[in-house]
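Contents: one structure, followed by commentary.
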Amino acid sequence: MLKVDNVTKIWGAGTADENTAVDALTLNLEEGDFITVVGGNGSGKSTTLNAIAGTFPVDAGKIWINGIDVTKHPSYKRAKLIGRVFQDPLMGSAASLEIQENLALASRRGKRRSLRWGINKKERERYRDLLSILGLGLEDRMSDKVGLLSGGQRQALTLVMATLKAPKLLLLDEHTAALDPKTAAKVLEITETIIKKNRFTTLMVTHNMKDAISLGNRLIMMSEGKIVYEAEGGAKQRLTPGEMVDRFAMG
């Protein structure tokens, strides 16, 4: 479903500050895979997600999503294939718009827009159903401005918006890192529910070893722009946070 083939990204090429952020990286995701990605600061985790999303062009290699070569496609052309949630809860939604208006915009992403974009009854009912899954009561607040929501509520809403059109690939870039532990746990619970229900193919970057082990069916560790360790299935579930920290030290 996702194929990253020998992708390299170098910052400041040919200068004294040259840095190879992603180094001939190869990664394959089958449909329905949920991969957690760990690694220290500067290991290439977020750069890899940005390369897949088309935030910048890569210096070498190829990227395919759902059989389509998107290597030269800018981010807006990949948007119909990708859903993404960032670390900052403020990035994924418009504070000045209502909850239902944000959902409507997400639903119309990639469609031709007009001055008449009213939300009909059928759409409103669908939004209520989607929000009710979160267990946060947002289905009863659809006319509230998003700016009134807490960080956790906004991140949960952003997750719904990112998956509203059933993307081929879901990218989660440390999407609970800015939340307090209790709220982060709730958002992760919601994340797992949505992914399992829809079998979204997912790549999730996290610094939390426990979450990386407990969530998903595969785990990869990155260092210096490369994958240095990978585990899946039973081997992944038998890992402990302590073992992962030791592997960090070796990496």
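Remark on T201: its backbone amide H falls under 5 Å from those of G32, L170, a criterion applied only to residues 5 or more positions apart or on other chains, H modelled at 1.01 Å from N.
Remark: for residue pairs K186/K210; K3/K45; K62/K165; K9/K62; K3/K168, the C-alpha separation exceeds 22 Å in K62/K165. The alpha carbon centroids of the stretch 149-179 and the stretch 210-237 are separated by 21 Å. For the chain, the membrane-span-like helix rule (DSSP H, alpha carbon extent of at least 30 Å along the helix axis, mean Kyte-Doolittle at least -0.5) picks out no helix; this says nothing about an actual membrane. Calculated mean residue ellipticity at 222 nm for the chain: -10000 deg cm²/dmol, from DSSP H runs with n ≥ 4 weighted as -39500 (n - 2.57), summed, divided by the residue count and rounded to 500. The tail of the calculated P(r) for the stretch 1-48, taken as Cα-Cα distances beyond 14 Å, holds 58 percent of the pairs.
In the stretch 34-92, Rg over Rh equals 0.96, where Rg is the alpha-carbon radius of gyration and Rh the Kirkwood radius from pairwise Cα distances.
A straight line joining the Cα centroids of the stretch 1-70 and the stretch 76-90 runs 16 Å. Around the amide H of A60, modelled in the peptide plane, lie the amide H atoms of T8, all under 5 Å away and 5 or more residues distant in sequence or on another chain. Across the stretch 168-251, Cα pairs under 8 Å and at least six residues apart give a relative contact order of 25 percent. Each residue of the stretch 71-86 was assigned a 3J(HN,Hα) from its phi angle through the Karplus curve 6.51 cos²θ - 1.76 cosθ + 1.60 (θ = phi - 60°); the sequence is 3, 9, 7, x, 4, 5, 7, 8, 4, 6, 9, 10, x, 9, 10, 8 Hz, with glycine and proline shown as x. In this structure, N120 and T193 have a Cβ-Cβ separation that, at R0 = 45 Å, corresponds to a calculated FRET efficiency of about 0.95.
Across the chain, Cα pairs under 8 Å and at least six residues apart give a relative contact order of 28 percent. Restricting the calculation to alpha carbons of the stretch 129-251 gives Rg and Dmax of 16.1, 52 angstrom. For the pair I133 and A13, a Förster radius of 45 Å applied to the C-beta separation gives a FRET efficiency near 0.50, rounded to the nearest 0.05.
When you restrict to C-alpha pairs under 8 Å that are six or more residues apart and normalise by the size of the stretch 21-108, the relative contact order lands at 18 percent.
Every number in this text was worked out from the coordinates using simple rules, so none of it is lab data. Quantities reported herein were computed from a predicted structural model and do not represent experimental measurements. Glycine gets a Cβ as well: all are built from the backbone with ideal geometry, and neighbour counts include every protein chain shown.
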